[in-house]
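Questions regarding the structure given below will be posed in turn.
The values are calculated or read from the model by the stated rules, or taken from the named source; none is laboratory data. Remember, predicted model here, so these are calculated numbers, not experimental data. Neighbour counts run over all protein chains shown; Cβ positions are idealised from the backbone, glycine included.
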Amino acid sequence: MTEEADEQAGPVARQRKIIHVDMDAFYASVEQRDNPDLRGKPVAVAGSRERGVVAAASYEARRFGVRSAMPSVTAKRQCPDLIFVKPRFEVYKAVSQQIREIFAEHTPIIEPLSLDEAYLDVSENLQEIPLARDIALAIRARIKEVTGLNASAGISYNKFLAKLASDHRKPNGQYVISPEMGPTFVEALPVGRFHGIGPATSAKMNSLGLHTGLDMRSQTLDFMQANFGKAGSYYYWISRGIDDREVRANRIRKSVGAESTFAGDLTDFDAMAAELQPLIDKVWRHCEDKGSRGRTVTLKVKFADFELISRSRTVSGKIDSRGELELASSDLLRALFPLNKAVRLLGVSLSSFQEDQSDDEPQLDLSI
C-alpha cells in the first residue's frame, strides 16, 4: 500500500474541489521536446540499455508494452527499435518548477507527489474561476504554452477519485467525477485499479472473492479490517467513493532515497561500500536542502537473480549528519556478508521524518 493509502479515508465531513494533474510520459516527453529526432518514435529514459531500468517510456514505446520500472533488456525485447536516452534530472526538475509556478497562480494548496504530478485544492482559487473543470483547462493550456508539454487532469470532490479521473482521459485529456457519479464510478472498477492497492493485495482480494469495487462495498468494515488491518478501513471507504484526506500543502515526505544499478555484478564489500557513497551524498543533500532529519535508514539490495531484499535500522534520536547515515548504511550492508550471490543494485533511503499537522478547513460548496 502506498503512503497515500496509509492515511484514514473515512466519511467526508466537507466537500472539496480537487484537481489531480499528471504530466503525460513526462521524462520521455521532455526528451522528445528537446530533440526533434525523437518525436514520434519509441523512447525509453533509462540509465543503461543493458543493465538499467526504464524510468519513463514514450507513448510510442508503451504501445509495445514498455513500461516504467521494466528492466531495459526486457524493454528492448518488447520493442527492438526502442531508443534509449539517459535521464537529465536537472532538466526535469527545472520543468517541474515551471509547472509548480503555474499551479501557484491558481491555488497555494499544492501537494506534489513527484516531479510530474500533484494534487491541487481549488475549492477557493486565486483567480475566482467558478468551476474546477475550467481551472484544470486553464492550467493545462498554460503548461502547454510555457513548457510545450501535455498534461492530463482529474477533477473530483476527493483525492482518490481525482487521481482515478486523471487516468481516464490520458493522454492530454481531463475527466470529472462529480459527487453524484462517485459511488457508481467505482462499482465496476477492478480492485487492482484502485490507487493504494498493489498486485499482492489485489491477489489476496481476488482470493477472497473481491474483484471489483462493488465486491468490496458489499463487505462489512469488520471484514475488511480483519483481512487487511488498518488498510481495511481505507478500502472500505474508497469502495464507496469516500475519501476525506486533505490536500496537504506542506506535506513532509515519508522517505527520501537513491539507488544505482551497477555496470557489473558485485561481490566485494569494499566495492559495494564505494558504490554507496554517491547514494548517501544524494540522500543527505536532500535532507540538508529541506532541513529534514529522519530516524530510519533502509538498505535496498537486488541480487543478480533479481531477488530483492531490504534491511532497516531505526535510531532513538535522529540521523543528524552524513557520517551517521553512512555508518548506518555500511553496518546494514556488512551484516549481509558473507553473500552467496552477487549484487546488481543497491539503494539507500531515510524515513521516519517528523510529521506535520493540518488544520481543519471550513465547509465549502462544491460545483465541479
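Just the residues that are free of Cβ contacts under 8 Å to residues at least 24 places away in the same chain and in a helix (DSSP H, G or I), please, taken from the range 185-203. Even if it seems obvious, please write down each step before you answer.
Residues of the range 185-203 that are free of Cβ contacts under 8 Å to residues at least 24 places away in the same chain, as a first pass: 190, 192, 199-200, 202-203.
Hits for the range 185-203 are 192, 199, 200, 202, 203.
OK, next. Tell me, please, whether a residue that is closer than 26 Å to residue 139 by Cα, crowded, with 20+ Cβ neighbours inside 10 Å and not hydroxyl-bearing (Ser, Thr, Tyr) can be found in the range 57-78.
Checked the range 57-78: at least one residue is closer than 26 Å to residue 139 by Cα, crowded, with 20+ Cβ neighbours inside 10 Å and not hydroxyl-bearing (Ser, Thr, Tyr).
Of the conditions (1) modelled with pLDDT of 90 or more; (2) surrounded by fewer than 14 Cβ atoms within 10 Å (Cβ to Cβ); (3) under 28 Å from residue 23 (Cβ atoms), residue 181 satisfies every one except a single condition; which number is it?
For residue 181, the failing item is (2).
Residues are listed down the side, and each one gets a yes or a no for (1) at pLDDT 90 or above; (2) in the same structural domain as residue 270 (by TED's automatic domain parsing); (3) of a type in the set (A, V, I, L, M); (4) more than 26 Å from the chain's Cα centre (by Cα):
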| site | (1), (2), (3), (4) |
| --- | --- |
| 291 | no, yes, no, no |
| 303 | yes, yes, no, no |
| 321 | no, yes, no, yes |
| 327 | yes, yes, yes, yes |
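Is it true that some residue in the range 101-117 is within 20 Å of residue 69 (Cβ to Cβ), among the acidic types (Asp, Glu) and within 21 Å of the chain's Cα centre (by Cα)?
yes
List every residue pair whose Cβ atoms sit under 7 Å apart, with the two residues 6 or more apart in sequence or on different chains, where the first one lies in the range 306-328 and is closer than 21 Å to residue 274 by Cα and touching a residue at least 12 places away in the same chain (Cβ under 8 Å) and the second, anywhere, is surrounded by 12 or more Cβ atoms within 10 Å (Cβ to Cβ) and small (Gly, Ala, Ser).
Going by the 7 Å Cβ cut-off, the qualifying pairs are 313/328; 319/294; 319/328.
Run down 150, 206, 125, 158 and say which single residue is of a type outside the set (D, E, K, R) and in contact with a His (Cβ under 6 Å, 6 or more places away or on another chain). If you could, list the steps in order and put the result at the bottom.
Details: 150 fails: in contact with a His (Cβ under 6 Å, 6 or more places away or on another chain); 206 fails: in contact with a His (Cβ under 6 Å, 6 or more places away or on another chain); 158 fails: in contact with a His (Cβ under 6 Å, 6 or more places away or on another chain).
One residue alone meets the criteria, 125.
Look through 201, 296, 261 and report the one residue that is touching a strand residue (DSSP E or B) at 6+ places or on another chain (Cβ under 6 Å), among the hydroxyl-bearing types (Ser, Thr, Tyr) and crowded, with 17+ Cβ neighbours inside 10 Å.
Working: 201 fails: touching a strand residue (DSSP E or B) at 6+ places or on another chain (Cβ under 6 Å); 296 fails: crowded, with 17+ Cβ neighbours inside 10 Å.
Only one candidate qualifies: 261.
Next question, about the same structure. With the structure loaded, tell me whether residue 240 is in contact (Cβ under 8 Å) with a residue 40 or more places away in the chain, under 23 Å from the mean Cα position of the chain (by Cα) and part of a loop (DSSP other than H, G, I, E, B) or whether it fails that test.
Values: in contact (Cβ under 8 Å) with a residue 40 or more places away in the chain: yes; under 23 Å from the mean Cα position of the chain (by Cα): no; part of a loop (DSSP other than H, G, I, E, B): yes.
In short, no.
Just wondering, is there one or more residues in the range 79-95 that are assigned to a helix (DSSP H, G or I) and farther than 18 Å from residue 143 by Cβ?
Within the range 79-95, the subset assigned to a helix (DSSP H, G or I) is 89-95.
Keeping just the survivors that are farther than 18 Å from residue 143 by Cβ gives 89-90.
Yes, the range 79-95 contains at least one residue that is assigned to a helix (DSSP H, G or I) and farther than 18 Å from residue 143 by Cβ.
For the range 321-342, what are the residues that are under 24 Å from residue 286 (Cβ atoms) and touching a strand residue (DSSP E or B) at 6+ places or on another chain (Cβ under 8 Å)?
Looking only at the range 321-342, we keep the residues that are under 24 Å from residue 286 (Cβ atoms), and these are 321-333.
Within the range 321-342, 325, 328, 329, 331, 332, 333 qualify.
Another question, if that's okay. Check 83, 102 and return the single one that is within 30 Å of residue 304 (Cβ to Cβ) and modelled with pLDDT of 95 or more. So that I can check it myself, show each step before the final result.
Values: 102 fails: within 30 Å of residue 304 (Cβ to Cβ).
Exactly one of 83, 102 is within 30 Å of residue 304 (Cβ to Cβ) and modelled with pLDDT of 95 or more, namely 83.
Can you find, within the range 184-228, the residue that is farthest from residue 156 (Cα to Cα) among those that are among the basic types (Lys, Arg) and under 25 Å from the mean Cα position of the chain (by Cα)? First the steps, then the outcome.
Filtering the range 184-228 for residues among the basic types (Lys, Arg) gives 193, 204, 217.
Applying the additional criterion that residues be under 25 Å from the mean Cα position of the chain (by Cα) yields 193, 204.
Values: 193: 17, 204: 29 Å.
Only one residue tops the list, namely 204.
Considering only residues that are surrounded by 20 or more Cβ atoms within 10 Å (Cβ to Cβ) and among the small types (Gly, Ala, Ser), which ones fall in the range 16-51?
If the condition is that a residue be surrounded by 20 or more Cβ atoms within 10 Å (Cβ to Cβ) and among the small types (Gly, Ala, Ser), then 25, 28, 29, 44, 46 are the ones that fit.
Working only within the range 111-169, note down all residues that are in a strand (DSSP E or B) and surrounded by 22 or more Cβ atoms within 10 Å (Cβ to Cβ). First the steps, then the outcome.
We begin by selecting, within the range 111-169, every residue in a strand (DSSP E or B); these are 111-114, 117-121, 151-156.
Within the range 111-169, 119, 120, 121, 151, 152, 153, 154, 155, 156 qualify.
Can you tell me which condition residue 347 does not meet? The list is (1) surrounded by 14 or more Cβ atoms within 10 Å (Cβ to Cβ); (2) in contact (Cβ under 8 Å) with a residue 24 or more places away in the chain; (3) outside any strand (DSSP E or B), and all the others hold.
(3)
Which ones in the range 268-297 are touching a residue at least 60 places away in the same chain (Cβ under 8 Å) and either on the phi > 0 side of the Ramachandran plot or acidic (Asp, Glu) (or both)?
If the condition is that a residue be touching a residue at least 60 places away in the same chain (Cβ under 8 Å) and either on the phi > 0 side of the Ramachandran plot or acidic (Asp, Glu) (or both), then 275 is the only one that fits.
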